[in-house]
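Q: Let me give you the structure first, and then I'll get to my questions.
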Amino acid sequence: MPNLARILVRLIVAVWCGALWSIGALVAPTLFSMLDAADAAKVAALLFRVLAVGGLGGAVFLLILDRLAHGQALQGPGRRTVLLMAVGTGIGYFGLKTLADHGRALAAAGQAVPAWADPSLLHNVSGGIYFLVALAALRLVAAVR
């Protein structure tokens, strides 16, 4: 089982890292250059939702595989990186998106939007967290070699 776990860990890490970089650096910018902003935003939102849910699912699966391999599939640095990426994904997508949606709802209702719910600010913060998670993914690829 440990050899199979290591193979599956490498595969999941490669897919997760590749998806982060390809969607963030290639797909999303291409969408906004080829479609009108509203349509591009809808498609990008769906892609980032799938990536966030898949990333958290992948993180759980990686930790389970590491446990089945008695801690040999990820080792310490890899395990910490997976946890860091999962926390970053949870905060960056699920936490900040909820606040930004609240700010958009307030703005649509004609109410004042507090600074902590400003959608453009939260979008920029979320993008920064996404970039940090993508950098951590590169570190994870190096850790599971």
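The values are calculated or read from the model by the stated rules, or taken from the named source; none is laboratory data. On a predicted model such as this, the values are computed, not experimentally measured, just so you know. All Cβ positions, glycine included, derive from the backbone under ideal geometry; neighbour counts span all protein chains shown. Surface areas here come from the heavy atoms of the whole protein model, side chains and all, with no ligands, DNA or RNA. Shrake-Rupley method; radii C 1.70, N 1.55, O 1.52, S 1.80 Å.
Q: Please give the direction-averaged projected area of the C-alpha convex hull for the stretch 38-91, in square nanometres with one decimal.
A: 3.8
Q: Out of these labelled values of volume of the Cα convex hull per residue in Å³, (i) 99; (ii) 147; (iii) 110, which was calculated from the coordinates shown here?
A: (i)
Q: Given a 1.4 angstrom probe, I'd like the percentage of the accessible area of the chain that is carbon and sulfur, rounded to a whole number.
A: It is 71 percent, rounded to a whole number.
Q: Per 10 Å bin from zero, what fraction in whole % of the C-alpha pairs of the stretch 93-145 is there, up to the bin with the longest pair?
A: Histogram of Cα-Cα distances, whole percents per bin: 25, 36, 21, 13, 5, 0.
Q: For the peptides 63-74, 103-114, 21-32, what is the packing order when you average, over each peptide's residues, the other Cβ atoms within 10 Å and list the highest mean first?
A: By packing density, highest mean first, the sequence is 63-74, 21-32, 103-114.
Q: Hey, what's the chain come to in accessible area per residue, 1.4 Å probe, Å²?
A: 58
Q: In addition: In whole Å, what three semi-axes, largest first, describe the equivalent ellipsoid of the stretch 1-72 built from its Cα gyration tensor (square root of 5 times each eigenvalue)?
A: That gives 33, 11, 6 Å for the three semi-axes.
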